[in-house]
1. Only one of these conditions is not met by A:Leu257: (1) within 10 Å of another protein chain (Cβ to nearest Cβ); (2) in contact (Cβ under 8 Å) with a residue 60 or more places away in the chain; (3) crowded, with 19+ Cβ neighbours inside 10 Å; (4) more than 26 Å from A:Gly25 (Cα to Cα). Which number is it?
2. Can you name the residue in the stretch B:486-519 that is surrounded by 19 or more Cβ atoms within 10 Å (Cβ to Cβ) and touching a residue at least 60 places away in the same chain (Cβ under 8 Å) and is also farthest from the other protein chains (Cβ to nearest Cβ) among such residues?
3. Suppose we filter the stretch B:1-31 for residues that are free of Cβ contacts under 8 Å to residues at least 40 places away in the same chain and within 16 Å of the chain's Cα centre (by Cα); how many remain?
4. Can you tell me how many residues within the stretch A:522-545 are assigned to a helix (DSSP H, G or I) and closer than 11 Å to A:Ala459 by Cβ?
5. Here are some residues: A:Leu39, A:Leu35, A:Leu6. Which one is facing chain B (nearest Cβ under 9 Å) and surrounded by 17 or more Cβ atoms within 10 Å (Cβ to Cβ)?
6. Go through the residues of the stretch A:133-150 one by one and say whether even a single one is in a helix (DSSP H, G or I), small (Gly, Ala, Ser) and at pLDDT 90 or above.
7. Report, by residue number, each residue of the stretch A:360-410 that is among the basic types (Lys, Arg) and either at pLDDT below 80 or surrounded by 14 or more Cβ atoms within 10 Å (Cβ to Cβ) (or both).
8. Tally the residues that are among the polar types (S, T, N, Q), more than 7 Å from chain A (Cβ to nearest Cβ) and either touching a residue at least 24 places away in the same chain (Cβ under 8 Å) or assigned to a loop (DSSP other than H, G, I, E, B) (or both), restricting the search to the stretch B:230-254.
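The values are calculated or read from the model by the stated rules, or taken from the named source; none is laboratory data. Because the structure is a prediction, the values reported are computed rather than measured. Every residue, glycine among them, receives a Cβ derived from its backbone with ideal geometry; neighbour counts consider all protein chains shown.
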There are 2 protein chains.
Amino acid sequence: MDMEKLVALCRRRGFIFQSSEIYGGINGCWDYGPLGVELKRNIKEAWWNDMVRNPPPAPDGDEISMVGVDCSIIMNPKVWEASGHVGGFKDPMVSCKFCRKLYRADQVWEQVVVSAWVTSLLDLYDPSSEKGVTGLDLKKWANGKGKRLAPNLALVRNPEVTLSWISEAAARQDGKLHFADAKQWLGYMATEQRAAGPLVTPCPACGGDLSEPRAFNLMFMTHVGAVQDEASIAYLRPETAQGIFVNFRNVLDSTRLKLPFGIAQVGKAFRNEINPRNYIFRSREFEQMEIEFFCHPDDSMKWYQYWRDVRIRWYTQLGIRSEKLRPREQGKEELAHYSIGTTDIEYLFPFSEEPQELEGVAHRGAYDLTQHAKFSGKDLSYFDEQLWEREKIKYPEPKAAQEAKSKEPYRFMPHVIEPSAGADRFTLAVLCEAYAEDEIGGEARTVMRFHPRLAPVKAAILPLVNKEGMPEKAHALYRELKRSWNVFYDDKGAIGRRYRRQDEAGTPYCVTIDGQSLQDNTVTMRDRDTTQQLRVPIAAVADELRKRLEPGREI
Amino acid sequence: MDMEKLVALCRRRGFIFQSSEIYGGINGCWDYGPLGVELKRNIKEAWWNDMVRNPPPAPDGDEISMVGVDCSIIMNPKVWEASGHVGGFKDPMVSCKFCRKLYRADQVWEQVVVSAWVTSLLDLYDPSSEKGVTGLDLKKWANGKGKRLAPNLALVRNPEVTLSWISEAAARQDGKLHFADAKQWLGYMATEQRAAGPLVTPCPACGGDLSEPRAFNLMFMTHVGAVQDEASIAYLRPETAQGIFVNFRNVLDSTRLKLPFGIAQVGKAFRNEINPRNYIFRSREFEQMEIEFFCHPDDSMKWYQYWRDVRIRWYTQLGIRSEKLRPREQGKEELAHYSIGTTDIEYLFPFSEEPQELEGVAHRGAYDLTQHAKFSGKDLSYFDEQLWEREKIKYPEPKAAQEAKSKEPYRFMPHVIEPSAGADRFTLAVLCEAYAEDEIGGEARTVMRFHPRLAPVKAAILPLVNKEGMPEKAHALYRELKRSWNVFYDDKGAIGRRYRRQDEAGTPYCVTIDGQSLQDNTVTMRDRDTTQQLRVPIAAVADELRKRLEPGREI
């Protein structure tokens, strides 16, 4: 499958539109259309149901405790000092001194090598020829295509000077132009005068000189209140997790929960990505589904494994084929400094050769609660009252001071396991996974093979023709079914075309009211994947659908 | 009921917390806790189900067409030029020249009259005395309490000068201090020297001089990308509606919908309110549930009435008593300039003497689509193909030019009816409406009488004692029920206290496993509102709950 076909289908059928498209869009933001909004709602609903309301049992078979929260996107800015986002949420960036475009320093070379001007420059090489590229070839390119494709490249800005120092540098070798690699060669082309410093890195867009890497805060900033000064600065949250940590004490006090337990949140987060790309995979505005699971430090590795396994199983049970899914334990050098271990759950998207992160399951130790306790001055530790109650008989009739001391060993900072999933990324994986082209009876079709729980429309109700009493029967059935599910009524066009349209929308079942329906009150139910049709009584359609759409939901 | 009790219960039981509370909060932002998030989810889910997936039939009994979208919060800034928000989304504001606080000009006097310093000043009046307040009283106050409460009030800053011109002004009357009203009297106290201009309006916080009213943009501003300049400015959407309008063409093209139809959206919106107040009623970050219903201009009044009636009925069917709910048709002078009519659906909150807006149902004419067509240069008109197909037989075998001309009368800009509801406001109304204090068997209790569809927890499973096999039976039932509903397991404390806790959480049913359960596999089901108990077989609990929680959902 190629991405372009999927993107075209998503736009044509109303899954995903560019945000503000009629105004030329806005980079890194996307809108979900009528089918997309139902798909994404089903994904978030499945997550909430399977992780919060009805999570899988603990390793010992016990129930586990989960609750949800829904926090504001704009929070007190001190939250981001404590979390390290204000100081540390930074990627080194480089910017072009000519066109002012910005790139992440660690990604810029990837973009240079596939840029239009480098592709054009490489075309000068004739692999069948021995002689290689001469200075004259380069000068010709600089005055021709180069002017259009890379106007700010040193070679284009000033071919004589640039070529002259290159030929000097090359002459100092053996009279021929030798380069360590393509990167060095492009660096030569981009450097007008060789000074003491390193070779210039050229801008992928215009060939101009890129700056030295510098820090750049990925949080969107705004001001709260009327005065725009230092004191009114606030940020759009770059993750939902911190809303959970700062509410830890409030949740504990209001629910009487005992460790271990989890707090979950679904919501938008924002990162001012320099280079949003790959459709809805890396956007500036996105939605997260995060759990912070609090436990005793001694049990933390057990829960780390539990959540890693639960989360992988969840994806496969919603239809992601296991060969495209990969858990990858991060190496020591990748880990955040506070993390004891992190597993990325990755999916092989069609836009990349390597699997990309769908979700990170991180063992964050006591880092977050410790930071917030320090920055807020509030006690965020946990007191294991049950254990203390059992053991305090060792201290009969304690005096207050003794009692406080005796409690010390039962008070600790919980450890945290964080399964953090991207709702948009999983939506994209579901779309990629569902997309298929096949043939029925010699006719090609495109079909979205969504898991029935996730399919935006569960069933389409189709009167074969728009007369002879069929519409009445079809409407009555539609009215019955839409009380339970998102169903669709369609009476336009040939039945084959209507089936094909539902296949593209990923509707698992088409129910057709035909001539026979008028005689014996039966209808056909067509299966999206097999295209086989089953004849069932109209009165049995709801039950048949329920059986297929809502089998046991255990994961 | 008073608000303070409700606010305390909401914090104590985990409905609503102040955002970032451990850092002192952030004004105008709130977090939903474990019970609150379920309540609000149920509200949004009820709305989506009843308005989008299964809307009530049209006046003629036909089905109506509704689809959803989910648009980004950050949109192309041109959207807000077209909508008038950049130019016009402004409230005249006044700011204090001393303490820099900002107030909405139309609300400042309300705040002045209840301020601490005015209250203190009014205390000088002795209603039992004839003599009134003397200049000496005022001077004493200015040098005492006034210094602390209103340090920047003219009377406090410079009592001699202020009192001197007041007594001159008063002397010009009849030797006594006469004032038209309290407003004028306070204006005198706030004006250090009477110049040609009007009396000063004092700051509610410090008594200082307020500025003349000036415009203030209520949208939160940010920058997208690395460069913070004019070109990178973007806004957080102040309403979800515009996301629908700019997607009108895309939705039309991708769904083949015919007029009339509605597009719905649920999502966050942001307004940089100068004076957020009344708990979650007027906050800076809030969630909307909006429909834009597109129809032929000739039918628009019919649909305006339809949506007004449907929306009022929805609130009453979810438990809002009709005597607290009031539809109020806006007067001509209140209407937005483009609006043909607007009905505010108002609720009598306990914090106000007057009912306050829960939802506005507005007839917006063709204003929004016309504006976006103009600003984007895109054709957003609707072509009524069905009508044209029927009528074009009048023009047999038309040439292309003729055909285009013949289509003209069937192309028009749809009118829009907008039912725009606030999810947080309705949540607050539901909380206010549910709150009750009563007595059972002589014991006082607080009970949240939520509609069963909205109740955060549907049932609590309570083993009477934590032994004798009761926990095993209780756990098995809990595991069965939590596959369908949000249910709660509680085995801590006396059964009476556990009932009381569930009453406060608004849980409609408590299921208790007791001694008899071990003998005959029956349990008691306690009704929250009547507190009556019914004995049913364990195996029948799920069906009994379903019958009570999910009766026919038509509205």
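1. Only one criterion in (1) within 10 Å of another protein chain (Cβ to nearest Cβ); (2) in contact (Cβ under 8 Å) with a residue 60 or more places away in the chain; (3) crowded, with 19+ Cβ neighbours inside 10 Å; (4) more than 26 Å from A:Gly25 (Cα to Cα) is unmet by A:Leu257, namely (3).
2. Only one residue fits best here, namely B:Gly506.
3. Residues that pass the stated criteria total 1.
4. So the answer is 4.
5. Criteria check complete, one pass: A:Leu35.
6. Yes, the stretch A:133-150 contains at least one residue that is in a helix (DSSP H, G or I), small (Gly, Ala, Ser) and at pLDDT 90 or above.
7. Those that are among the basic types (Lys, Arg) and either at pLDDT below 80 or surrounded by 14 or more Cβ atoms within 10 Å (Cβ to Cβ) (or both): A:Arg364, A:Lys378, A:Arg390, A:Lys392, A:Lys394, A:Lys399, A:Lys405, A:Lys407.
8. 2
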